[in-house]
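Engineer: First the structure, which I've put down as structure tokens, then a few questions once you've had a look.
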């Protein structure tokens, strides 16, 4: 059995294909792009939505009550 | 700064500090490209799959470049990632091709590596024999006999103890011997060789 398995070492393995590096870097760039888009969607976009939502809610509140947010917070 | 003089671990530490694939990571790819490719090709037996697997290995190394803790050598860590990636790919491939015959695929033979003719007494299809084994046992046999890793290296790569590694290889050899008695050696040797 040992002799037989030793034949495994005799099986030739060629060089990596010449386009290996190019394909790897294309894949890496795709992966980094996806990662950055996910970071943007989970980090910056929710922050921006919350920021603008607060302004939109302020406009809605002013329309309904006639008072600015800071006016409502003033002590009587 | 001559990166060629740096150890693998120094390069890995520098790569972990890089924000993108900078010179240190590119240096690591250059250093391990051939060895990772060989492992992937040996384990997957197909040039296209081996290319995919090797790219996936380097991608994982890049994405997890900050996780190398130095508990083993960097080379061992790389080979361990390569082994896991290939095993995952083989499992995925076998699920996809469960009802297909690989040998019936057109052009399959022509994509296989050039193989020297086996001696008549051992004229069995070695690849087919290994296919009958459990995926991990097959990988261990290939890494030991084709790539020449010793038991300590294999144990570190496969994340097993040395004794478990020896046991698995010994059992895999016994399985092959019982399934293919014609492949048994004329003069039995120490199975722990």
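The values are calculated or read from the model by the stated rules, or taken from the named source; none is laboratory data. All values derive from a computational prediction rather than experimental measurement. Please note: Cβ atoms are built from the backbone with ideal geometry, for glycine as well, and neighbour counts cover all protein chains shown.
Engineer: Report every pair of residues separated by at least 6 positions or lying on different chains whose Cβ atoms are under 6 Å apart, first residue within the range B:163-189 and under 15 Å from residue B:151 (Cα atoms) and in the same structural domain as residue B:128 (by TED's automatic domain parsing), second at pLDDT 75 or above and not in a helix (DSSP H, G or I).
Structural biologist: Filtered contacts from the range B:163-189: B:172/B:133.
Engineer: Can you tell me which residue is farthest from the chain's Cα centre (by Cα) among those in the range B:149-181 that are assigned to a loop (DSSP other than H, G, I, E, B) and closer than 19 Å to residue A:6 by Cα?
Structural biologist: Kept after step one, since they are assigned to a loop (DSSP other than H, G, I, E, B), are these residues of the range B:149-181: B:149-150, B:159-161, B:180.
Among the residues that remain, those that are also closer than 19 Å to residue A:6 by Cα are: B:149-150, B:180.
Values: B:149: 10, B:150: 13, B:180: 24 Å.
Looking at residues that are assigned to a loop (DSSP other than H, G, I, E, B) and closer than 19 Å to residue A:6 by Cα, I get B:180.
Engineer: If the requirement is being facing another protein chain (nearest Cβ under 7 Å), more than 14 Å from the chain's Cα centre (by Cα) and more than 22 Å from residue B:34 (Cα to Cα), which of these qualifies: A:4, A:24? Before the answer, list the steps.
Structural biologist: Details: A:24 fails: more than 22 Å from residue B:34 (Cα to Cα).
Just a single option satisfies the conditions, and that option is A:4.
Engineer: Still on this structure: Can you pull out every residue in the range B:131-152 that is under 14 Å from residue B:90 (Cα atoms) and free of Cβ contacts under 8 Å to residues at least 24 places away in the same chain?
Structural biologist: B:131
Engineer: Same structure again: Given chain A, what helices (runs of 4 or more DSSP H) lie entirely inside it while holding 3 or more residues that are at pLDDT below 90? Show your work before the answer.
Structural biologist: Numbers: elements: A:2-10, A:20-39, A:45-65, A:69-73.
Because the criterion is at least 3 residues that are at pLDDT below 90, the helices (runs of 4 or more DSSP H) in chain A that meet it are A:2-10, A:45-65, A:69-73.
Engineer: While we're here: Against the conditions (1) at pLDDT below 90; (2) crowded, with 18+ Cβ neighbours inside 10 Å; (3) more than 10 Å from chain A (Cβ to nearest Cβ), where does residue B:155 fall short? Just the number, please.
Structural biologist: That leaves (1) as the condition not met.
Engineer: Within the range B:60-97, can you find the residues that are surrounded by 14 or more Cβ atoms within 10 Å (Cβ to Cβ) and outside any helix (DSSP H, G or I)?
Structural biologist: Here is the first cut: in the range B:60-97, the ones surrounded by 14 or more Cβ atoms within 10 Å (Cβ to Cβ) are B:60-62, B:65, B:68, B:72-87, B:89-90, B:93.
Scanning the range B:60-97 gives B:65, B:68, B:72, B:73.
Engineer: Given the criteria modelled with pLDDT under 90 and under 25 Å from the mean Cα position of the chain (by Cα), does residue B:45 qualify? It would help to see each step written out before you state the result.
Structural biologist: Details: modelled with pLDDT under 90: yes; under 25 Å from the mean Cα position of the chain (by Cα): yes.
Taking the combined requirement at face value, the residue satisfies it.
Engineer: Assess whether residue B:57 counts as being outside any loop (DSSP other than H, G, I, E, B), facing another protein chain (nearest Cβ under 10 Å) and more than 20 Å from the chain's Cα centre (by Cα). Can you show your working first?
Structural biologist: Working: outside any loop (DSSP other than H, G, I, E, B): yes; facing another protein chain (nearest Cβ under 10 Å): yes; more than 20 Å from the chain's Cα centre (by Cα): no.
For residue B:57, the condition - outside any loop (DSSP other than H, G, I, E, B), facing another protein chain (nearest Cβ under 10 Å) and more than 20 Å from the chain's Cα centre (by Cα) - is not met.
Engineer: When you scan the range B:64-115, how many residues do you find that are modelled with pLDDT of 85 or more and outside the structural domain of residue B:38 (by TED's automatic domain parsing)? I'd like the intermediate steps shown before the answer.
Structural biologist: Applying the first criterion (modelled with pLDDT of 85 or more) to the range B:64-115 yields B:64-92.
With outside the structural domain of residue B:38 (by TED's automatic domain parsing) added as a condition, the list becomes none.
Counting residues in the range B:64-115 that are modelled with pLDDT of 85 or more and outside the structural domain of residue B:38 (by TED's automatic domain parsing) gives 0.
Engineer: Right, another one. Just give me the residues in the range B:130-150 being surrounded by fewer than 17 Cβ atoms within 10 Å (Cβ to Cβ) and either within 11 Å of another protein chain (Cβ to nearest Cβ) or at pLDDT 95 or above (or both), in sequence order.
Structural biologist: Hit for the range B:130-150 is B:148, nothing else.
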